[in-house]
Amino acid sequence: MLATTDYDETLMWYREDLGFHIKHEWTVPKFPDLQLAYLEKNGFIIEVVASTNTFEIEPAGDFSERLQQPGIRHFAFLIEDVDDAIAVLETKGVEIILSPTSFPTSGWRVAFFEDNNGNLIEFLEELPLGERQPYTGGED
């Protein structure tokens, strides 16, 4: 679930930049301040909840610090081609936090970017067997 102060902008961002569609929108009479929606793509659902009472939290400064904060720091999508997907996002003006990078000892090629609310999102693809390295306890 993503909490946001800008419901319409968040729905538009996920629809236009990541290709989600609105599966369902609703309100809850007991909480008249809330707007809610399920966004869906390829069977994956993100719930968006907006309220005028939602407040913004400033994330830690750099990428490494953000990954070390407690709580859920990002969510990831397994995709076929990280490089192509990031290239498309760049043409849409999406802020790329970590350009496509291979981590042979993990077996993944990854990239990170931010949504319109500053939430981190990771795209990852599995590296071909020939590009993977066994983990030996050292750094990538």
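The values are calculated or read from the model by the stated rules, or taken from the named source; none is laboratory data. None of these values were measured; they are calculated from a predicted model. Here Cβ is always computed from backbone atoms with ideal geometry, including for glycine, and neighbour counts include all displayed protein chains. For the accessible areas, the whole protein counts, side chains as well, though only heavy atoms, and no ligand, DNA or RNA atoms are used. Shrake-Rupley method; radii C 1.70, N 1.55, O 1.52, S 1.80 Å.
State yes or no: is Ala85 modelled with pLDDT of 95 or more, touching a helix residue (DSSP H, G or I) at 6+ places or on another chain (Cβ under 6 Å), closer than 20 Å to Glu16 by Cα and surrounded by 14 or more Cβ atoms within 10 Å (Cβ to Cβ)?
No: the conditions fail for Ala85.
Listed here are the residues, each with its yes/no results for (1) modelled with pLDDT of 95 or more; (2) not in a loop (DSSP other than H, G, I, E, B).
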| residue | (1), (2) |
| --- | --- |
| Glu25 | yes, yes |
| Val49 | no, yes |
| Pro59 | no, no |
| Leu67 | no, yes |
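Pairs, please: C-beta under 6 Å, at least 6 apart or cross-chain, first residue surrounded by 11 or more Cβ atoms within 10 Å (Cβ to Cβ) and in segment 21-41, second outside any strand (DSSP E or B) and among the β-branched types (Val, Ile, Thr)?
As it stands, the answer is Asp33/Thr52, since those pairs meet every condition given.
I'd like to know if segment 97-115 contains one or more residues that are in contact (Cβ under 8 Å) with a residue 60 or more places away in the chain, under 28 Å from Asp17 (Cβ atoms) and buried (at least 18 other Cβ atoms within 10 Å of the Cβ).
For segment 97-115, residues in contact (Cβ under 8 Å) with a residue 60 or more places away in the chain, under 28 Å from Asp17 (Cβ atoms) and buried (at least 18 other Cβ atoms within 10 Å of the Cβ): present.
Which of the residues spanning segment 118-130 are open to solvent by 60 Å² or more (accessible area, probe 1.4 Å) and either within 24 Å of Leu11 (Cα to Cα) or outside any loop (DSSP other than H, G, I, E, B) (or both)?
Glu126, Leu129, Gly130
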